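Everything below concerns the one structure shown next.
The values are calculated or read from the model by the stated rules, or taken from the named source; none is laboratory data. It should be emphasised that the depicted structure is a prediction, and the values quoted were computed from it without experimental measurement. Counting neighbours? That spans all protein chains shown, and the Cβs are built from the backbone with ideal geometry, glycine included.
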């Protein structure tokens with residue numbers, strides 16, 4: 001058989017593989033963080049017809065005579081040029097403007113990762129070497145998300161590894177203290193609500209009583225102006241107004257003084273509950289681990305028995321006195337001030353409840369922890385942001401600025417040596433170099449803050465697009481197609497020659 005046929009076959013196989021690579025590049029033209037590949041060829045082997053000879057016997061040197069026997073794959077390279085960035089304005093979309101990879105991981109040893117799990121709250125730190133606790137991979141695709149506990153993860157749920165924020169975990173003493181305070185608040189709730197509802201009722205009735213007094217006084221004035229005739233309709237109107245006044249007064253007085261449901265009873269119950277709550281606040285303020293969170297609650301709410309005129313003693317044809325009306329006006333103003341007092345008490349109780357509940361929740365500071373781990377943004381955060389240096393800050397429910405952590409980047413001596421493992425992920429290979437500089441396991445210091453140690457900065461609200469250039473890929477496709485066709489032509493031409501040889505025999 002002719003050597004050219006086998007050379008053609010090797011060329012066809014190579015260009016087939018080149019088309020496979022081109023097809024994969026084009027398929028991932030819109031894959032975030034994708035790095036394209038290319039194929040290079042090299043000649044296979046050469047058959048030696050004659051070797052080279054040196055100058056001798058008056059003749060010059062002669063070059064070797066060799067016939068190549070085809071080609072084979074030289075390399076399949078991953079091209080790590082930076083792709084263009086697409087602006088998304090989404091806070092959790094991050095692009096790296098330079099070298100580096102986001103380290104992401106699956107937890108392999110939960111005893112080494114202090115993570116929120118079940119009913120337990122952790123500080124998110126990794127104990128010991130990072131690679132002993134998690135299985136690391138690396139990516140350029142920065143479309144990240146928050147899981148149900150607020151951890152920063154990839155679309156496949158892999159955790160982002162970086163430096164954690166300084167997270168304080170609730171202590172047993174703090175939880176006990178919080179539960180005691182919340183129990184006292186729960187006991188206070190019913191007397192407070194009863195007081196609020198009763199105050200609304202009494203305030204409305206006091207205004208109704210004021211209106212009845214005014215109508216009665218007006219009826220008396222009209223009756224007197226029209227001759228004080230006991231048989232006139234003016235007398236009947238005055239009499240009806242007095243009866244209405246006394247009915248309203250009777251209901252009002254009963255709602256104030258009733259031995260079981262009266263306003264004075266409700267007030268006394270409220271004051272007792274408030275005193276008990278103040279005792280709980282004093283204990284809370286003075287007990288470890290938090291001191292002076294809340295001042296004592298005070299209120300001017302008091303009973304109102306005897307602080308309003310007695311309408312039952314009014315005689316027909318005698319208007320209520322100015323002093324009686326002034327007394328009733330003062331009562332209405334007092335009830336209005338009680339309403340303000342109750343609103344202030346309600347706000348103070350809410351503050352107390354928030355302070356108590358906070359002891360059962362984790363808290364962050366405005367600094368980093370200095371430890372490697374997972375990055376978590378509390379679900380109670382009002383807002384959060386990510387800086388070019390990877391620092392993640394958030395505003396807590398009190399309006400304070402806290403630090404959730406810092407994204408770190410991995411940088412390899414030879415990124416082209418990384419292995420693709422699918423899902424936009426890479427892993428170390430024996431030729432990529434390692435980020436474990438001392439060989440004792442990966443530590444936080446071997447992952448770099450964005451913008452340091454040759455790594456790029458992070459661009460929030462953007463994503464790195466694929467670095468595939470369609471015009472280049474289409475050109476390479478044409479070259480591969482023509483190369484493949486040319487190799488098939490070699491085979492058909494060689495076949496025709498063999499056919500001519502077979503025809504010699506005829």
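Does residue 279 satisfy the condition of being in the same structural domain as residue 336 (by TED's automatic domain parsing) and in a helix (DSSP H, G or I)? Break it down stepwise before answering.
Numbers: in the same structural domain as residue 336 (by TED's automatic domain parsing): yes; in a helix (DSSP H, G or I): yes.
Yes, satisfied.
For the range 34-82, which positions are out of contact with any strand residue (DSSP E or B) (no Cβ under 7 Å at 6 or more places or on another chain) and loosely packed, with under 13 Cβ neighbours inside 10 Å?
45, 51, 54, 55, 56, 57, 58, 59, 60, 63, 81
Looking at the range 386-410, which of its residues are over 29 Å from residue 288 (Cβ atoms) and touching a strand residue (DSSP E or B) at 6+ places or on another chain (Cβ under 6 Å)? Give the derivation first.
Applying the first criterion (over 29 Å from residue 288 (Cβ atoms)) to the range 386-410 yields 386-393, 406-410.
Listed by number, the residues that qualify are 386, 388, 390, 391, 392, 393, 406, 407, 408, 409, 410.
Checking the conditions here, which among 477, 465 is surrounded by 12 or more Cβ atoms within 10 Å (Cβ to Cβ), under 30 Å from residue 92 (Cβ atoms) and either in contact with a strand residue (DSSP E or B) (Cβ under 8 Å, 6 or more places away or on another chain) or at pLDDT 85 or above (or both)? Reasoning before the result, please.
Numbers: 477 fails: under 30 Å from residue 92 (Cβ atoms).
The conditions single out 465.
Would you be able to tell me the number of residues in the range 219-234 that are surrounded by fewer than 18 Cβ atoms within 10 Å (Cβ to Cβ) and in contact (Cβ under 8 Å) with a residue 12 or more places away in the chain?
Restricting attention to the range 219-234, the residues satisfying the condition of being surrounded by fewer than 18 Cβ atoms within 10 Å (Cβ to Cβ) are 221-222, 224-233.
With in contact (Cβ under 8 Å) with a residue 12 or more places away in the chain added as a condition, the list becomes 221-222, 224, 228.
Adding up the residues that qualify gives 4.
Could you tell me whether the range 426-436 includes any residue that is in a strand (DSSP E or B), in contact with a strand residue (DSSP E or B) (Cβ under 9 Å, 6 or more places away or on another chain) and assigned by TED's automatic domain parsing to the domain that holds residue 452? Before you say what the answer is, go through the steps one by one.
In the first step, residues of the range 426-436 are kept if they are in a strand (DSSP E or B); the result is 426-427.
Now restrict to residues that are in contact with a strand residue (DSSP E or B) (Cβ under 9 Å, 6 or more places away or on another chain): 426-427.
Those left that are additionally assigned by TED's automatic domain parsing to the domain that holds residue 452: 426-427.
Yes - at least one qualifying residue is present in the range 426-436.
This table checks each residue for (1) touching a strand residue (DSSP E or B) at 6+ places or on another chain (Cβ under 9 Å); (2) touching a residue at least 24 places away in the same chain (Cβ under 8 Å); (3) surrounded by 13 or more Cβ atoms within 10 Å (Cβ to Cβ).
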position: 115; (1), (2), (3): yes, yes, yes
position: 148; (1), (2), (3): no, no, no
position: 154; (1), (2), (3): yes, yes, yes
position: 161; (1), (2), (3): yes, yes, yes
position: 184; (1), (2), (3): no, yes, yes
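Let's see how each residue does on (1) at pLDDT below 95; (2) surrounded by 19 or more Cβ atoms within 10 Å (Cβ to Cβ):
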{"site": "357", "(1), (2)": "yes, no"}
{"site": "389", "(1), (2)": "no, no"}
{"site": "393", "(1), (2)": "no, yes"}
{"site": "401", "(1), (2)": "no, no"}
{"site": "424", "(1), (2)": "yes, yes"}
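I'd like the full set of residues that are surrounded by 13 or more Cβ atoms within 10 Å (Cβ to Cβ), assigned to a loop (DSSP other than H, G, I, E, B) and out of contact with any strand residue (DSSP E or B) (no Cβ under 7 Å at 6 or more places or on another chain), limited to the range 19-33.
28, 29, 31
Tell me, yes or no, whether the range 371-382 has at least one residue that is outside the structural domain of residue 188 (by TED's automatic domain parsing), in contact (Cβ under 8 Å) with a residue 24 or more places away in the chain, closer than 30 Å to residue 150 by Cα and exposed (fewer than 13 other Cβ atoms within 10 Å of the Cβ).
Within the range 371-382, one or more residues are outside the structural domain of residue 188 (by TED's automatic domain parsing), in contact (Cβ under 8 Å) with a residue 24 or more places away in the chain, closer than 30 Å to residue 150 by Cα and exposed (fewer than 13 other Cβ atoms within 10 Å of the Cβ).
Could you grab me the full set of residues in the range 385-411 that are under 22 Å from residue 445 (Cβ atoms) and part of a loop (DSSP other than H, G, I, E, B)? Before the answer, list the steps.
Initially, the range 385-411 is screened for residues under 22 Å from residue 445 (Cβ atoms), giving 386-392, 403-411.
Hits for the range 385-411 are 387, 388, 389, 390, 408, 411.
Please count how many residues of the range 58-87 are at negative phi and either part of a loop (DSSP other than H, G, I, E, B) or without any contact (Cβ under 8 Å) to a residue 60 or more places away in the chain (or both). It would help to see each step written out before you state the result.
Quick first cut of the range 58-87, residues at negative phi only: 59-69, 71-87.
Adding the requirement that they be either part of a loop (DSSP other than H, G, I, E, B) or without any contact (Cβ under 8 Å) to a residue 60 or more places away in the chain (or both) leaves 59-66, 69, 73-76, 79-84.
Residues flagged as at negative phi and either part of a loop (DSSP other than H, G, I, E, B) or without any contact (Cβ under 8 Å) to a residue 60 or more places away in the chain (or both) within the range 58-87 amount to 19.
Can you find even one residue in the range 41-50 that is touching a helix residue (DSSP H, G or I) at 6+ places or on another chain (Cβ under 8 Å) and assigned to a loop (DSSP other than H, G, I, E, B)? Write out each step before concluding.
Start the filter on the range 41-50 by keeping residues that are touching a helix residue (DSSP H, G or I) at 6+ places or on another chain (Cβ under 8 Å), which leaves 41, 44, 47.
Next, from what is left, pick out any that are assigned to a loop (DSSP other than H, G, I, E, B): 44.
Yes, the range 41-50 has at least one match.
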